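Notes for the one structure printed next.
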Amino acid sequence: MKATIIVTLKPTVLDPQGITIQRSAQSMGLSEVTVIRQGKYFDVHFAENTSPEHGKELVQKLAKDVLTNPVIEEFRIVWEQKS
Amino acid sequence: MKFGVVIFPGSNCDHDCYYSIQSVTGQPVEFIWHQETSVKGFDAVVLPGGFSYGDYLRTGALAKFSPVMKAVKSFAEKGGLVIGICNGFQILAEAGMLPGALMRNSNMKYICKFLKLRTATTDTPFTNRLTADQILNVPIGHGEGNYFADEDTLKQLEDNHQIVFRYLENPNGSLHDIAGIVNAKRNVLGMMPHPDRSSDPLLGSTDGRLIFESMVNALAGANRCE
């Protein structure tokens, strides 16, 4: 079981890094690239005997308490089940 | 009265704070390693500047999990004086001891220079030696000092006079030109500019002294009341 947590700035928060990268894209000649927002990506793996329910709780806690600053950021979780 | 300067892995203004506070106030100062679980015996706690935990994840984000922070938090809840300078401010914001967040500067630059601050309130234990609107010459050195908070929080800060210092010329995009704020109880101050780097004439300004002197003043007053 693996979770991927994607952290992004809230839409209302200015992203100076994203803006700067977008300008660089323009300079490269990629004029169709109008907006870039920078974020973070975390792969989280669990001990084998972790139940899916408990895993979900852990990831919520991790995302809320550590990986994001709720003043400026939000997150979404993508689950990957090992076959 | 005893000052404690916390050292996190990656702090680098700990000795500046130690030296400035000791030489300005003549009071005893001790370092507090971040693994400590108590700040007993200290009258004021300083979270110094630097790059705690390498600024990994977000500035100040991982320092809030250092064992000492639990003690600093309960110290502040009991009314103890806490000042966070630069990275210390970032840590206080991440720890939820001050509202808002410090984001990347809006102009792509790490800025290290002297600039002017306007004193927005003298009604704090950190500014009681200052006069209203007094201009201070204090340096900044940061890449992430761009203060952000939502509208409601900003209104609250304005209404309660929690904004302590404002930049005369905003260097980093901070909302409302905020350079430093206190909590609602007014015993926790976070500021991006460095009073520790402006307390010795050799460094070009001694305006930062007034902040440390105010703390001593406040503590002396508090002791008298007891």
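FYI, it's all coordinate maths here, none of it is from the lab. What you see is a predicted model, and the numbers here were worked out from it, not measured in a lab. A quick note on method: Cβ atoms are made from the backbone with ideal geometry, for glycine too, and the neighbour counts reach across all protein chains shown.
Some observations on this one:
- Angle of helix A:16-27 to the longest C-alpha principal axis of chain A, folded into 0 to 90 degrees and rounded to 10: 50°.
- GNM result for chain B, Cα springs below 10 Å: residue of B:Asn160, B:Asn87, B:Asn128 fluctuating most strongly: B:Asn160
- Bridging of A:Lys2 to lysines at a Cα separation below 16 Å is possible for A:Lys56, A:Lys61, A:Lys82, once same-chain residues fewer than 8 apart are set aside.
- Neighbour cut-off at most 13 other Cβ (10 Å), DSSP loop, GluC sites (Glu not before Pro), region B:147-221: B:Glu169
- Residue exposure sequence - B:Asp196, B:Asp177 - by fewest surrounding Cβ within 10 Å: B:Asp177, B:Asp196
- With Cα atoms as the point set, region B:67-226 shows a radius of gyration and Dmax of 14.8, 49 Å.
- Counting lysine pairs in region B:3-225 whose alpha carbons fall under 24 angstrom apart, excluding pairs fewer than 8 residues apart on the same chain, gives 14.
- Per residue of A:67-73, other chain Cβ atoms within 10 Å of the residue Cβ number 6 on average.
- Highest-fluctuation residue, B:Asp159, B:Asp16, B:Asp123 considered, GNM on chain B with Cα pairs under 10 Å: B:Asp159
- Inter-centroid distance (Cα atoms) of region B:1-32 relative to region B:151-226, Å: 17 Å
- Helical mean residue ellipticity (222 nm; -39500 (n - 2.57) per DSSP H run of 4+; nearest 500) of chain B: -7500 deg cm²/dmol
- Dividing the summed -39500 (n - 2.57) terms of all DSSP H runs of n ≥ 4 by the residue count of chain A sets its mean residue ellipticity at 222 nm at -8500 deg cm²/dmol.
- Among B:Gly145, B:Gly54, B:Gly180, residue whose mean-square fluctuation peaks in a GNM of chain B (springs only between Cα atoms under 10 Å): B:Gly54
- Inter-site label distance for B:Asp133 and B:Trp33 at 7 Å from Cα along Cβ, in nm: 5.0 nm
- Residues A:Glu80, A:Glu48, B:Glu94, arranged from fewest to most other Cβ atoms within 10 angstrom of their Cβ, appear as A:Glu48, A:Glu80, B:Glu94.
- With q set to 0.23 Å⁻¹, the log10 of I(q)/I(0) for region A:4-78, from the Debye formula over equal scatterers at the Cα positions, is -0.99.
- Percent of C-alpha pairs per 5 Å bin, region B:1-85, short to long: 3, 16, 28, 26, 17, 8, 2, 0
- Remark: mean inter-chain Cβ contacts per residue of B:56-69 equal 2, using a 10 Å Cβ-Cβ cutoff to other protein chain atoms.
- Descending principal axes extents, the protein assembly as shown, alpha-carbon based, whole Å: 68, 50, 36
- Sorted largest first, the principal axis extents computed over the alpha-carbon atoms of region A:17-60 equal 50, 16, 16 Å.
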